[in-house]
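Structure record follows, encoded as structure tokens.
Bear in mind that the values in this text are calculations on the coordinates, not laboratory data. These numbers come from a predicted model, not from an experiment. Methodologically, a virtual Cβ is constructed for each residue, glycine included, from the backbone with ideal geometry; neighbour enumeration extends over all protein chains shown.
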């Protein structure tokens, strides 16, 4: 593990932000960290980055004990905040130079890293421009570049695609995958479930200050998916077709509305092919699809569907 968080407790007055949190981050993975507002995500990543102290528990990063004064760990980490944290009166290149120098880079090494990052985030042609003239997506990409200029071993990204255009979002997601391929471990927090599905190897879902579920996407879906649903448009619906489908082992219900069949089976029954074979013998199929649970279904099942209007942490 590149980082571990064990039994963390953090209180803000009467509010328990972290409630004996346990979280492990494996070398080279993209870990998606999800949770409703107030779940403790921001407190977790701030404590991992050494920006705040916890009340109790242990954090270890790169084999060292993390605390607010451990500069050695911070030099090997990058943090992309939800807020844009670049200097609007400095050019893109000057911003990257500034952050590179904060991490100890200088001379040719600094300049080569700045050039590399400008190309990586697609801002080479805009290197001399000030970010106050950039679009939101360009500012986000520069914000990410400032966290990458020193080649961190661990990159924390907190809501990096908020309020940007689809092209910039796609560029950022592709960049995150490349970062991981090059050896950087990434922790990625977002409210966009499709982003986590697209790029994350493993997912941890937080609520009330602790991890309530974790695993791969398929593992998490398997926790809630107890049924498979097939929707089929039959070219020649009939009572005979309906009864033959109902007779298949594992079928729980068959609802027919006009030409449309909604067929529910026990999970992993493998009945799709059997349904298709029967329907083809009874006049054919207009179209057929199998409904699959999504990460959003998992999230809402585990954390509830009520609105969370309270502020984060």
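Figure the gain on full extension for residue 1 and residue 296 (residue separation times 0.36 nm, minus the Cα-Cα span) and round it to one decimal in nm. Let's see the in-between values first.
On the way: separation 295, 0.36 × 295 = 106.20 nm, distance 2.76 nm.
The residue 1-residue 296 span can extend by a further 103.4 nm.
Give the distance, in whole Å, between the Cα centre of the range 161-232 and the Cα centre of the range 24-65.
When both Cα centres are located, 17 Å separates them.
Convex hull over the alpha-carbon atoms of the range 18-76: what's its volume per residue in Å³? Could you put the intermediate results ahead of the total?
Working: hull volume 5.5 nm³, N = 59.
Residue-normalised Cα hull volume stands at 94 Å³.
Taking 0.36 nm per residue of sequence separation and subtracting the Cα-Cα distance, how much length would be gained by fully extending the chain between residue 116 and residue 247, in nm to one decimal?
Details: separation 131, 0.36 × 131 = 47.16 nm, distance 6.26 nm.
Full extension of this stretch gives 40.9 nm more.
Taking a ≥ b ≥ c as the square roots of the Cα gyration tensor eigenvalues, with a/c under 1.5 meaning rounded and otherwise prolate when a/b beats b/c, else oblate, which class fits the range 33-118? Could you put the intermediate results ahead of the total?
Details: a/c = 2.81, a/b = 1.61, b/c = 1.75.
In terms of gyration-tensor shape, oblate.
Hey, what angle do you get for helix 166-181 against the long axis of the chain, alpha-carbon based, 0 to 90 degrees rounded to 10?
With both axes taken from Cα atoms, the answer is about 80 degrees.
Sorting check: for 28-36, 256-264, which peptide has the highest mean count of neighbouring beta carbons within 10 Å, and how do the rest follow? Each step should come with its number before you reach the end.
Values: 28-36: 22.8, 256-264: 15.1.
Top of the packing list down: 28-36, 256-264.
Going by alpha carbons, how many degrees (0 to 90, nearest 10) lie between the helix axis of 107-120 and the longest principal axis of the chain?
Helix 107-120 sits at roughly 20 degrees to that axis.
Which value in nm describes the separation of the simple spin-label points at residue 62 and residue 218, placed 7 Å from the Cα toward the beta carbon?
For the pair residue 62/residue 218, the computed spacing is 3.5 nm.
Which entry in (1) 152; (2) 239; (3) 170 is this structure's computed volume of the Cα convex hull per residue in Å³?
(3)
When 153, 41, 75 are ordered from fewest to most other Cβ atoms inside 10 Å of their Cβ, what list results?
Working: 153 19, 41 25, 75 13.
With the fewest neighbours first, 153, 41, 75 line up as 75, 153, 41.
What FRET efficiency, computed as 1/(1 + (r/R0)^6) with R0 = 22 Å and r the Cβ-Cβ distance, is obtained for residue 135 and residue 89, rounded to the nearest 0.05? The partial results should precede the final answer.
Numbers: r = 18 Å, r/R0 = 0.81.
Using R0 = 22 Å, I get an efficiency of 0.80.
Mind listing P(r) for the range 96-158? All alpha-carbon pairs, 10 Å bins, whole percents.
23, 55, 21, 0
What length, rounded to one decimal in nm, is gained on full extension from residue 71 through to residue 16, with 0.36 nm per residue of separation minus their alpha-carbon distance? Could the numbers behind the result be given before it?
Values: separation 55, 0.36 × 55 = 19.80 nm, distance 2.75 nm.
Value of the extension gain: 17.1 nm.
Could you give the nm distance between label points at residue 262 and residue 208, where each point is 7 Å from its Cα heading toward the beta carbon?
3.2
Report, as a whole number in µm² per second, the diffusion coefficient that Stokes-Einstein gives for the range 87-228 at 4 °C and 1.567 mPa s using the Kirkwood radius over alpha carbon pairs. Before the final figure, lay out the partial values.
On the way: Rh = 16.6 Å.
Using the Kirkwood radius from Cα pairs, D works out to 78 µm²/s.
On a 0 to 90 degree scale, rounded to 10, what angle separates helix 92-102 from the longest Cα axis of the chain?
It works out to around 70 degrees.
By DSSP, what percent of the beta bridges with both residues in the chain are antiparallel, rounded to the nearest 5? Present the calculation step by step, with values, prior to reporting the outcome.
Details: 39 of 56 bridges.
So the antiparallel bridges in the chain amount to around 70 percent.
Throw me the Rg/Rh for the range 227-291, computed over C-alpha atoms with Kirkwood Rh, two decimals.
Working: Rg = 10.2 Å, Rh = 11.3 Å.
Dividing the radius of gyration by the Kirkwood radius yields 0.90.
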